[in-house]
Amino acid sequence: MLPSSTPFVSRRHFLETAALASLAATQTTRGQETKSQPAKIRIGQIGTGHAHAAGKMDTIRASKDYELVGVVEPNAELRAAAEKLPSYAGVPWMTEEQLLNTSGLQAVAVETAVKDLVATGTRCVVAGKHVHLDKPAGDSLPAFKALLDDATRRKLTVQMGYMFRYNPAFVLCFQLLREGALGEVFSIDTQMSKLLSPKERQRMLPYPGGSMFELGCHVIDAAMNILGRPDKVTPHRRSVSAAADGWSDNDLAVLDYPRATVTVRSSMVEVDGGTRRNFIVCGTKGTLDIQPLEAPAARLALLAPHGEYKKGYQNVKFPNVGGRYDGDFADLAAVIRGEKALSFTPEHDLAVEETILLASGLPTT
């Protein structure tokens, strides 16, 4: 098990980070940075093939924390597709060698195809750069451990790109648990699904981990931020598509703990599955039911009043604090500037990767 002191992400920290990012965006005078505006962090992106690549590029380019140095995409077809997107309009294109040797480069967002994420991140760490590594961290636990160990030795940060770490509903969940408002957690039930087009499905076929590997990883990360490393992981994998290709598109994983269970469902055949994504945490003093997960809404039930929240069920609204990845990159900027430690440890990330592989029916050795 991970230690009980596994850090939670505080709601106050999330909102303060967002506020600081917003403040930094306004602290300019006649186009000049003020003394209170830190120097921008020089960052590049390697890869455009990941599903989150364009969104990460939008976030980096809109942020006042970063200066985009350039983008690397060695695959001609992927580069041609990216060049047609507004996200990449006017960006400098370069080779990986050129990017990693750019003077003053501090960080790289790695947005390659999943199979290339860890190898690319490893080269970035060897070059002395902090890394934002999209998810999941490949299918080799030893390779990912070697990357994390090398980054730790070099005093570099590897930030994983799981989507809900800075989501305001999840931040509230973590804070309520930290404050004891929900009591002891005995159950987490979560659903993370979508409907794949035939073309999208073809792109998934090289990854035998199926839907759990591709989508379920996000909510496994969140569940483990609450309960730590499970004692046992049991995958239930099904292929139900008319494509009849054997790819696991209807997955369930059960995570066992001494006094709790977690069920994770992930399907790639659910009509409009994105709207039914949920994350339900039940404790001895209360329940938080988050649905939908993005532009989130939640229902909170409490045994007793807690702060601004009353006894019984109530709807919880969340402020619009920015885009999907704003919190990730604002936090990474604070870490790079030495203002704080990353809220998620390498030990947590390694345990999450191990659990994702087990939940996807994949080997861990």
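The values are calculated or read from the model by the stated rules, or taken from the named source; none is laboratory data. Bear in mind that the values here come from a model prediction, so they are computed numbers and not experimental data. Cβ placement follows ideal geometry from the backbone for every residue including glycine, while neighbour counts extend to all protein chains displayed. For the accessible areas, the whole protein counts, side chains as well, though only heavy atoms, and no ligand, DNA or RNA atoms are used. Shrake-Rupley method; radii C 1.70, N 1.55, O 1.52, S 1.80 Å.
Run through region 121-213 and list the GluC sites (Glu not before Pro) located in a DSSP loop whose Cβ has at most 15 other Cβ atoms within 10 Å.
Passing sites in region 121-213 are GLU179, GLU184.
With percent of Cα pairs over 40 Å apart defined as stated, name the option among (1) 32; (2) 12; (3) 15 computed from the structure displayed.
(2)
Helix-only mean residue ellipticity at 222 nm, the chain, DSSP H runs n ≥ 4 weighted -39,500 (n - 2.57), per residue, nearest 500. What is it?
Values: 11 runs with 116 residues, N = 365.
Only helices count here, giving -9500 deg cm²/dmol.
Determine the sum of side-chain charges near THR59: Lys and Arg each +1, Asp and Glu each -1, restricted to other residues whose C-beta is under 13 angstrom from that of THR59.
In short, -3.
Counting other Cβ atoms within 10 Å of each Cβ, which trypsin sites (Lys or Arg not before Pro) in region 215-270 have at most 10 and sit in a DSSP loop?
Sites meeting the loop and neighbour criteria: ARG259.
Taking only protein heavy atoms into account and a 1.4 Å probe, give the accessible area per residue of the chain in Å². Mind dumping the intermediate values first?
Working: 16270 Å² over 365 residues.
Counting only protein heavy atoms, the per-residue value for the chain is 45 Å².
Under DSSP H, which helices of the chain have Cα atoms covering 20 Å or more of the helix axis and a Kyte-Doolittle average no less than -0.5?
Going by DSSP H runs, the hits are 11-26.
Over 31 Å between C-alpha atoms is what I'm after, so list which of LYS135/LYS340; LYS145/LYS285; LYS84/LYS135 land there.
LYS145/LYS285
Amide H to amide H under 5 Å from LYS135: which residues, 5+ apart in sequence or cross-chain, H placed 1.01 Å off N in plane?
Amide H neighbours of LYS135: GLY161.
Quick one: with all protein chains in place, what share of the accessible area of the chain is carbon or sulfur, to the nearest percent (1.4 Å probe)?
Summing carbon and sulfur atoms, their accessible area is 52 percent of the total for the chain.
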